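**Student:** After the structure tokens below, expect a handful of questions from me.
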Amino acid sequence: MTLEHIALWTNRLETLKEFYVNYFGGVANAKYRNEAKGFESYFLTFASGARLEIMQRPGIPANLNDTVHQQHLGLIHLAFGVATVAEVEAKAEELRAAGLPILSGPRRTGDGYYEFETLDPDQNRIEVTTLFDA
């Protein structure tokens with residue numbers, strides 16, 4: 001069995017799409033629209049085959065979870081893997097230069113990874129990671 005996709009609500013559909021396309025290599029399908037419900041979405045497909053659905057519809061309430069401190073149950077982060085420590089460091093610098101927050105790292109973790117954490121434009125937590133020996 002495979003995890004088919006993860007879905008995120010947003011109120012900035014185009015901004016979120018561009019973020020994942022520009023910084024993480026996502027390829028967006030044509031925008032889906034359901035005019036009757038005011039619903040719009042994109043599926044973003046990544047090199048690994050993983051997919052992220054981003055969705056927008058009027059009336060979806062704001063997420064009240066504290067995504068920076070992670071003091072809640074439920075989905076905590078999306079993790080993107082790269083091949084080397086140098087790629088982790090380069091992506092952290094690229095995002096920092098673009099004005100995005102680097103919450104922690106790049107650093108070596110206790111379980112053998114090298115990673116950093118950031119937030120997407122909707123404050124969803126993201127990790128970029130590789131095995132430390134890579």
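Any read-out appearing in this document is the output of simple, stated calculations on the displayed coordinates, not a laboratory observation. The shown structure was predicted, so the numbers you read here are calculated from the model rather than taken from an experiment. Positions of Cβ are generated from backbone atoms using ideal geometry, with glycine treated the same way; all protein chains shown enter the neighbour counts.
**Student:** When residues of the stretch 110-134 are filtered for being of a type in the set (Asp, Glu) and under 12 Å from LYS91 (Cα atoms), how many remain?
**Tutor:** 3
**Student:** A follow-up question, please. Output the residue which, of all residues in the stretch 85-100 that are small (Gly, Ala, Ser) and in contact (Cβ under 8 Å) with a residue 24 or more places away in the chain, is nearest to ALA62 (Cα to Cα).
**Tutor:** Restricting to residues being small (Gly, Ala, Ser) and in contact (Cβ under 8 Å) with a residue 24 or more places away in the chain, the top hit is ALA98.
**Student:** Please specify each residue of the stretch 30-58 satisfying the condition of being of a type in the set (Gly, Ala, Ser) and more than 16 Å from the chain's Cα centre (by Cα).
**Tutor:** Hits for the stretch 30-58 are ALA30, ALA36, GLY38.
**Student:** Considering only strands (runs of 3 or more DSSP E) fully contained in the stretch 1-90, which possess at least 3 residues that are surrounded by 15 or more Cβ atoms within 10 Å (Cβ to Cβ)?
**Tutor:** 39-45, 51-56, 78-81
**Student:** Output the residue which, of all residues in the stretch 101-134 that are in contact (Cβ under 8 Å) with a residue 40 or more places away in the chain and aliphatic (A, V, I, L, M), is surrounded by the fewest Cβ atoms within 10 Å (Cβ to Cβ).
**Tutor:** Filtering first and then ranking leaves ALA134.
**Student:** Additional query: Got at least one residue in the stretch 108-116 being in a strand (DSSP E or B) and within 10 Å of the chain's Cα centre (by Cα)?
**Tutor:** No, the conditions are met nowhere in the stretch 108-116.
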